[in-house]
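First comes the structure, then the notes that go with it.
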Amino acid sequence: MLLGKRQEKSLRSFSEALLPYPEIGIINDSSYVSSVDDAISKLSSSFDRLLIRFFLDSLATALGTCLLFGTLTTASFCETRLDQRIEYLQRLEHSKLYERRKIFFSLKRLCCNVAYSFIDTKTGTNPYWKRIGYQEAPESNDNDATVRQHAALQRAIQESRSSTRSSTTTTPSDDTTIEECDVVIVGSGAGGS
């Protein structure tokens, strides 16, 4: 566990201001905090891990809150009202300073990934899923239906391959290959991550 008690409190306050529906209470679940802590510890850059820990430490103090958000206050980020914390995070999100935005978006990404993939051990579901309109796929024990779907998909793939009008020409002078076809898909499909 990387995070100290003060950093955990800052993480909870950050998450409460960041995530919708604070009444769900996922933020108060100790496994949520330990999952975010685990995600922070798995960051590839030790500098990023240090930066996030420093950021969370800064949120726990009034001086850190003053410096991070450019405001005079006697209260730490954790001690301010929820609406004020939301405003502070919006300032970070739109900050002109790259490092501020980087820290904000790094921690936001970690918190959201953990929160939206979190499974409640009692119910076996995520408390956010219903609120954001996500419907879990019903479990099906019907292997025949799965096999039929797979077979239909394979037939469709075979039909599309046999009806594809394409030709390949290789010019021997410079080893250039020319493809003539209706559609070309370029890229891995990984989405640029």
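General observations
- Residues that are of a type outside the set (Lys, Arg) and open to solvent by 40 Å² or more (accessible area, probe 1.4 Å), drawn from the stretch 49-70: Leu50, Phe54, Asp57, Thr61, Leu63, Leu67, Gly70
- Considering the stretch 6-26, the residues that are at pLDDT below 80 and more than 21 Å from Glu93 (Cα to Cα) include one that is least open to solvent (accessible area, probe 1.4 Å), namely Ile26.
- Every pair of residues 6+ apart whose Cβ atoms lie under 6 Å, when the first sits in the stretch 12-32 and is charged (D, E, K, R) while the second is open to solvent by less than 40 Å² (accessible area, probe 1.4 Å): Arg12/Ile27; Glu16/Ile27
- Cβ separations smaller than 7 Å between residues 6+ apart or across chains give the following pairs from the stretch 109-134 residues that are basic (Lys, Arg) to residues that are exposed (fewer than 14 other Cβ atoms within 10 Å of the Cβ) and part of a loop (DSSP other than H, G, I, E, B): Arg131/Tyr21.
- Lys108 being modelled with pLDDT of 90 or more and in a loop (DSSP other than H, G, I, E, B): no
Yes or no, residue by residue, for (1) open to solvent by less than 40 Å² (accessible area, probe 1.4 Å); (2) over 21 Å from the mean Cα position of the chain (by Cα):
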site: Leu72; (1), (2): no, yes
site: Ser76; (1), (2): yes, yes
site: Glu79; (1), (2): no, yes
site: Asp83; (1), (2): no, yes
site: His94; (1), (2): no, no
site: Lys108; (1), (2): no, no
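The values are calculated or read from the model by the stated rules, or taken from the named source; none is laboratory data. Keep in mind that what you see is a predicted model, and the values were worked out from it rather than measured. For neighbour counting, all protein chains shown are included, and Cβ atoms are generated from backbone atoms with ideal geometry for every residue, glycine included. Accessible surface is based on the protein model in full, side chains and every heavy atom, while ligands, DNA and RNA are left aside. Shrake-Rupley method; radii C 1.70, N 1.55, O 1.52, S 1.80 Å.
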